[in-house]
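Engineer: The structure is given below, and queries will be raised subsequently.
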2 protein chains.
Amino acid sequence: MAGGPGLRELKKLRTRRTLIETAVCLFERQGYDETTLAEIAAAADVSTRTFFSYFAGKEDVVFFDTRARVDGALAVMAGRRPGEPVAELLMRVAAAALRFDSEDVELARELAPARTRLIMSVPALRGRALHLLFDVQRELADALLRAYPGELDPVEAGAAIGAFVGAAKQAAMVSRDRGDPPDLMWAAARRGVEIAMYGLRSLDPPHREEPSTDFANNATKA
Amino acid sequence: MAGGPGLRELKKLRTRRTLIETAVCLFERQGYDETTLAEIAAAADVSTRTFFSYFAGKEDVVFFDTRARVDGALAVMAGRRPGEPVAELLMRVAAAALRFDSEDVELARELAPARTRLIMSVPALRGRALHLLFDVQRELADALLRAYPGELDPVEAGAAIGAFVGAAKQAAMVSRDRGDPPDLMWAAARRGVEIAMYGLRSLDPPHREEPSTDFANNATKA
DNA sequence: CTCCGAAATTGCAACGGATGAAATTAGTTG
DNA sequence: CAACTAATTTCATCCGTTGCAATTTCGGAG
């Protein structure tokens, strides 16, 4: 034993990738709703039933590397540096989640644009994404709490994660809705994070204090 | 004409309510997945097909008054008082959405506890709720932008809504997950809003400035 | 009251996604 | 090669959802 990965697992890995690739490709070409599982399975040379031994449902094939990405983010959270402020740690976590490289790197990079388009435009996939993000936020809140033992209240940890993620997500969404290119979307997300950091108060004209932009700049090169 | 609502519409309203009531009741009694549309329809004395002329799908019957609530919140947003800070307006909007009374008041009050339990525990319903909330946030961001013409950037408006809603939602969720009763959940949501107002910075020990709690108190009696 | 047109309801058929169980195939091990 | 195990397939079935045609029900005009 221990000779190698074994033909069995290699084959499984191969069909898994084929399944992902053909599925996303078909979704992109002829639409999500217009693509049946039978088609995908046929194109990947497996039976329809087999699809469900690789993915829990039609939607899940699009989120093939989500679990790994989240685990990466959680690991960063666990490695909080002593004395590090909540805000900084969260920025490092966000950066890690974005730059993440799993075992499916090539696949992820290859399908990234199509995947984004699909998630944004197909209601079912958007719904699934929101649901996943929701669960992730719970995990992140838990991890944040563990990263600051005794220093943070559970409710505060949850609120922090909620404000952080919520602001970034919604800001990016607004940007996307008005047709901004990807780099402007990232800028919007950073602005969202900034607002979460300094609070909604900072938006009110009476005491509109211009926050230092150091933070946003640091974030990009982190 | 103009004599009354007409028998036709009365009947429609009646079956609509029956449908909602029996559906939620059955979901609660025997579980969401274990309840078929055929059962619901039979219990409400209509054909299965008719269900779909009242609701778009099985999940939607649970969110029967969402649209009305959202419209109420948007109306409050449109009635921004001159000079009113963003933070205050958002608090008024939140209060309005919660205290909202539609034409289905009785129904809503009667089913409120069951509905909350269902949405929290059934994945399909939780997903639908998140999706609805997402769409609502877009509308709120739009409305907020219109309420402060020329004073607010679209991205900032989105971020504000995202941080506000995200913090409140997640804080309440944490509270719920540890078994808090409803009144403590509301307190958690208020704490979440507070954190969104004053920013995540306020959580960091170095310069942990205790924010005045006036705002949270004002919110409850607004 | 009667009849007509519109609107709501129904029954029917079909499709796609999802699941369970038994049968079959293919890889691994001795 | 032979037995053992895991993966795949086949088959049957359930449920949500949709389109379409037939039918019932209500409202109003004469």
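A short reminder: the numbers here are calculations on the coordinates, not readings from a lab. Quantities reported herein were computed from a predicted structural model and do not represent experimental measurements. Here the Cβ is made from the backbone with ideal geometry for all residues, glycine too, and neighbour counts use every protein chain on show.
Engineer: Summing Lys, Arg as +1 and Asp, Glu as -1, what charge do residues with Cβ under 12 Å from the Cβ of B:Glu106 carry, B:Glu106 excluded?
Structural biologist: Residues near B:Glu106 contribute -4 overall.
Engineer: How about the range B:74-113: which GluC sites (Glu not before Pro) there lie in a loop by DSSP and see at most 12 other Cβ atoms within 10 Å?
Structural biologist: Listed in order of number, the matching sites are B:Glu103.
Engineer: Further question on the same structure: Dipole magnitude of the protein assembly as shown about its Cα centre, charges +1 at Lys/Arg Cβ and -1 at Asp/Glu Cβ only, in debye to the nearest 20?
Structural biologist: Computed about the Cα centre, the dipole is about 740 debye.
Engineer: I want to check the label-to-label distance for A:Ala112 and B:Leu184. Put each point 7 Å from Cα in the C-beta direction and report it in nm to one decimal.
Structural biologist: Between A:Ala112 and B:Leu184, the simple spin-label model gives 4.4 nm.
Engineer: If you don't mind, another one. Where the only charges are on Cβ atoms (+1 Lys, Arg; -1 Asp, Glu), what is the dipole of the range B:65-221 about its Cα centre, to the nearest 20 debye? Provide the component values of the computation, followed by the final result.
Structural biologist: Details: 21 positive and 23 negative charges, 78 e Å.
Rounded to the nearest 20 debye, it is 380 debye.
Engineer: 5 Å is the cut-off here: which amide hydrogens, built 1.01 Å from N in the peptide plane, fall below it relative to B:Asp153, excluding neighbours closer than 5 in sequence?
Structural biologist: When sequence neighbours closer than 5 places are left aside, there are no close amide H contacts.
Engineer: Helix A:154-177 sits at what angle to the longest principal axis of chain A, using alpha carbons and giving 0 to 90 degrees rounded to 10?
Structural biologist: Roughly 70 degrees between the two axes.
Engineer: Let me ask something additional. With the dipole of chain B worked out from charges on the C-beta (+1 for Lys and Arg, -1 for Asp and Glu) around the Cα centre, which of B:Pro85, B:Pro123, B:Ala147 lies farthest toward the positive end?
Structural biologist: Checking the options against the dipole of chain B, the answer is B:Pro123.
Engineer: Could you work out how far helix A:123-147 tilts from the main Cα principal axis of chain A, as a 0 to 90 degree angle to the nearest 10?
Structural biologist: 50 degrees
Engineer: Report the relative contact order of the range A:65-221, percent, no decimals, based on alpha-carbon pairs under 8 angstrom and at least 6 residues apart.
Structural biologist: Worked out over the range A:65-221, it gives 18 percent.
Engineer: Within a Cβ distance under 15 Å of B:Ala171, other residues only, what is the Lys/Arg minus Asp/Glu net charge?
Structural biologist: So the environment of B:Ala171 carries a net charge of -1.
Engineer: If I model a spin label at A:Arg146 and A:Val105 as a point 7 Å from the Cα along the Cα→Cβ vector, what separation in nanometres do I get?
Structural biologist: Going from the A:Arg146 label point to the A:Val105 one covers 2.7 nm.
Engineer: For chain A, take the longest principal axis of its alpha carbons; what is the angle in degrees between that and the long axis of helix A:7-30, to the nearest 10 within 0 to 90?
Structural biologist: Roughly 70 degrees, rounded to the nearest 10.
Engineer: Just to be sure I understand: chains B and A are related by a rotation, so which residue of B has its Cβ closest to that axis, and how close in Å?
Structural biologist: Closest Cβ to the B-to-A rotation axis, residue and whole-Å distance: B:Gly166, 1.
Engineer: For the range B:1-63, what does the relative contact order come out to in percent, with C-alpha contacts under 8 Å and a separation of six or more?
Structural biologist: Reported relative contact order: 30 percent.
Engineer: Sticking with this one: Assuming R0 = 45 Å, what is the FRET efficiency of A:Glu9 and A:Arg81, from their Cβ-Cβ distance, to the nearest 0.05?
Structural biologist: For R0 = 45 Å, the calculated efficiency reads 0.75.
Engineer: Below 8 Å, C-alpha to C-alpha, sequence gap of six or more: please give me the relative contact order for the range B:1-159 in percent.
Structural biologist: 22 percent
Engineer: If Lys and Arg each add +1 and Asp and Glu each add -1, what is the summed charge of the other residues whose beta carbon sits under 13 Å from the beta carbon of B:Glu84?
Structural biologist: 0
Engineer: Could you tell me which of the pairs A:Lys58/A:Lys169; A:Lys58/B:Lys169; A:Lys169/B:Lys58; A:Lys12/A:Lys58 are separated by over 22 angstrom between their Cα atoms in the structure shown?
Structural biologist: Details: A:Lys58/A:Lys169 25 Å; A:Lys58/B:Lys169 28 Å; A:Lys169/B:Lys58 28 Å; A:Lys12/A:Lys58 18 Å.
With Cα atoms farther than 22 Å apart: A:Lys58/A:Lys169; A:Lys58/B:Lys169; A:Lys169/B:Lys58.
Engineer: Okay, moving on. If packing is taken as the mean number of other Cβ atoms within 10 Å per residue, what is the order of B:22-34, B:124-136, highest first? Write out the running numbers ahead of the final one.
Structural biologist: On the way: B:22-34: 16.2, B:124-136: 18.6.
The densest-packed peptide leads the list: B:124-136, B:22-34.
Engineer: Roughly how crowded by other chains is peptide B:120-132, in terms of the mean Cβ count from those chains within 10 Å of each of its Cβ atoms? Don't jump to the answer; show the numbers that get you there.
Structural biologist: Numbers: counts 0, 0, 0, 2, 2, 0, 4, 7, 3, 3, 9, 8, 2.
If you average over the peptide's residues, the count of other-chain Cβ atoms is 3.
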